[in-house]
Structure formats: structure tokens, C-alpha cells
Amino acid sequence: MPDFQLSERVAIVTGASRGLGAAIAEGLAEHGARVVLSSRKQADLEAEAAVIERRFGQGRAIAIAAHAGREPDLRRLVEETLGRMGRIDILVNNAGTNPYFGPLIDADLGVWDKTFEVNLRGYFILTQLVVRFWMGEHGGAILNVASTGGLRPSPLLGIYDITKAGVIMLTRQLAKELGGKVRVNCLAPGLFRTRFAQALWGNPEILDRVLQANPMGRIGEPAEIAGAAVFLVSDAAAYVNGQVLVLDGGGGEGL
Ligand SMILES: NC(=O)c1ccc[n+]([C@@H]2O[C@H](COP(=O)([O-])OP(=O)(O)OC[C@H]3O[C@@H](n4cnc5c(N)ncnc54)[C@H](OP(=O)(O)O)[C@@H]3O)[C@@H](O)[C@H]2O)c1
């Protein structure tokens, strides 16, 4: 029987104070994991940790603020997680940013660097730390959140899409290198109703184009990402490694 249980496992989820990260953390906790929520704002993380503890019990969530692109913050996140929780079985790299919406060719290097810092370099740094300090010896599962934009270009989101294509190749490369002791997989969401994507789904023209292309006629709701995340980090996906699971209702990116 497929085993989706995550009891006794500890999961770090970045970008977990709201949106897709919070939904993933709730899904992992619902299946038994103890979750470490991380993003920049401690108060928002504590609010989400309280939601999880109310639903799933005391001691099931802790909040550790860290900037997802900065090595000293990420090192402290790993050290503090090991100190307080004793292990790291699951890492979900989910924090993301998109400071620029416009033609790629006109972008300045500051927005290029900022986007890469959080969306790709940070995923790499945290993965390296978690593998060095725990998973390399004990095994584990890593899940990276990319985007359908990493699979095909969309207008005005060039830098973001390039970082997400990088996340997909980071996933495939690490899945090979880590030899299955640490499985590494990736989610590629289409458009979901979160604060991050509000500039897209809140724009009637863009929303209309997305819905026209989408056979389900709607965008994703954050809770709808949780099942895919639980599957990929659980033993139910024991032979799934280096894969990209698209969650877009069948619509392609459609922007
Ligand atoms: N929503 C969509 O349609 C969609 C589609 C495809 C892919 N994605 C991807 O899904 C992931 C989550 O996005 P979302 O839609 O859930 O966004 P969201 O609701 O805005 O949440 C973003 C989360 O990331 C945190 N964060 C942002 N910048 C950070 C930084 N520098 N360091 C640490 N944490 C940071 C935020 O908290 P703080 O601001 O407090 O740090 C928040 O917890 C992103 O990687 C995004 O690219 C989203």
C-alpha cells in the first residue's frame, strides 16, 4: 500500500508564512510531520505556526525567520532546526520573488541579481547545508517549487522564468548526484490565488487569457498544492526522483 505518512519526520518549508508554502506546511503537518516554518517575518511565521498547532497539536510547528537568499541566515536556520528538532528529513524550497515585470532586454542587473539570489542561489545554498549537515548521512527528500514559467517563456516574466528553469535543472542534477539516498523532485504550479500572483489573477485581461486556455476554467487554490507535495516527499513516491510535477489544471501557463 502507498505510504503517505510523515510521522516522526521533520520538514523545513521556506516561504511558509502564507500562500503555497503555508498550504504545503499544513499538508505535511496533517500527515504527521513536525514543520519548521521559515520566511523573513517572525510574527507572520508565528501566526501560521499557531494555526498548525491548533489543528494538529502542540510541538508540531516552530517558526524561524531567515532571508532565503542569504547564507548566514540559512546556516542559522539549519543549525537551529537541528538544535530544536534533532533532524531534517524533508526540505521544501518554496520562497520566491519577482521584483520585475517587463521586457527581459530592458531589465537592470539589480533585479536580475535579486531574483536569482532568492529563487535559485538560495535554493542551492539551503540544499547544500541540509545535505552536508544531515541528509547526506541520514537520507531525506527535497522538494523545489518551480513554475510552469520554467518550462516555457511567458511575456514580461523573463528573469523569473529563467530562475525557475534553473530550479528544474537544479532538481534534475541533484537527483542524479545524490543517488536516491536523497530524492529531489520539483513542483511546477500554474497560476494560483496567492498574494505573490495577485498582479496576474487580479488583472482581468491576463486572468481572461489564463481561463480561456484552462480546461478547468479556473485558477488554482493554495490548498490544492498540498497533496502533490505530501506525495513527493513521502514513501509513496519512493521511486520518484528528479521529476517535475505540473499543477496547472491542464492549462499550460496560458499567460
Ligand atoms: N502563486 C502562483 O501563481 C505561483 C505560480 C508558480 C510558482 N509559484 C511559486 O510558488 C512559491 C510561493 O509563492 P506564493 O505564490 O505562495 O507567494 P506568497 O503567497 O507571496 O508567499 C511567498 C512566501 O515567501 C516568503 N518570502 C518572500 N521573499 C522571501 C525572502 N527573500 N526570504 C524568505 N522568504 C521570503 C514570504 O514571506 P516574507 O515576505 O515574510 O518573507 C511568503 O512566506 C514561489 O517560489 C513562487 O515563485 C507561485
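The values are calculated or read from the model by the stated rules, or taken from the named source; none is laboratory data. Here the structure is a predicted model, which means the values were calculated and not measured. Reconstructed Cβ throughout: ideal geometry from the backbone, glycine too, with neighbour counts over all protein chains shown. Ligands, DNA and RNA are excluded from the accessible area calculation, which covers all protein heavy atoms including side chains. Shrake-Rupley method; radii C 1.70, N 1.55, O 1.52, S 1.80 Å.
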Taking residue 152, is it touching a residue at least 12 places away in the same chain (Cβ under 8 Å), open to solvent by 50 Å² or more (accessible area, probe 1.4 Å), part of a loop (DSSP other than H, G, I, E, B) and near the ligand (Cβ under 8 Å from one of its atoms)?
-> no
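Could you grab me the full set of residues in the stretch 11-42 that are part of a helix (DSSP H, G or I) and either within 13 Å of the ligand (Cβ to nearest atom) or aliphatic (A, V, I, L, M) (or both)?
19, 20, 21, 22, 23, 24, 25, 26, 28, 29, 42
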Working only within the stretch 55-76, note down all residues that are outside any strand (DSSP E or B) and either exposed (fewer than 15 other Cβ atoms within 10 Å of the Cβ) or more than 10 Å from the ligand (Cβ to nearest atom) (or both).
-> 55, 56, 57, 58, 59, 60, 64, 71, 72, 75, 76
Close pairs (6 angstrom Cβ cut-off, 6 or more residues apart or separate chains): touching a residue at least 40 places away in the same chain (Cβ under 8 Å) in the stretch 29-54, in a strand (DSSP E or B) and surrounded by 22 or more Cβ atoms within 10 Å (Cβ to Cβ) anywhere | 33/11; 34/10; 36/12; 38/14
Looking at (1) more than 12 Å from the ligand (Cβ to nearest atom); (2) surrounded by 21 or more Cβ atoms within 10 Å (Cβ to Cβ), which is the one condition that is false for residue 212?
-> (2)
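I'd like the full set of residues that are open to solvent by 50 Å² or more (accessible area, probe 1.4 Å) and closer than 20 Å to residue 146 by Cβ, limited to the stretch 79-99. Working first, answer last.
Going through the stretch 79-99, the residues open to solvent by 50 Å² or more (accessible area, probe 1.4 Å) turn out to be 79-80, 83-84, 87, 99.
The answer is 99, and nothing else.
Would you mind finding the one in 182, 167, 130 that is modelled with pLDDT of 95 or more, open to solvent by less than 80 Å² (accessible area, probe 1.4 Å) and away from the ligand (no atom under 16 Å from the Cβ)?
When all the criteria are applied, what remains is 182.
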Of all residues making up the stretch 77-101, the number that are farther than 25 Å from residue 228 by Cα and not in a helix (DSSP H, G or I) | 4
Restricting to the stretch 181-210, what's the tally of residues that are without any contact (Cβ under 8 Å) to a residue 24 or more places away in the chain and assigned to a helix (DSSP H, G or I)?
-> 6
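For the subset of the stretch 188-207 comprising residues that are more than 8 Å from the ligand (Cβ to nearest atom) and surrounded by 14 or more Cβ atoms within 10 Å (Cβ to Cβ), which member is nearest to residue 23 (Cα to Cα)?
So the residue we want is 207.
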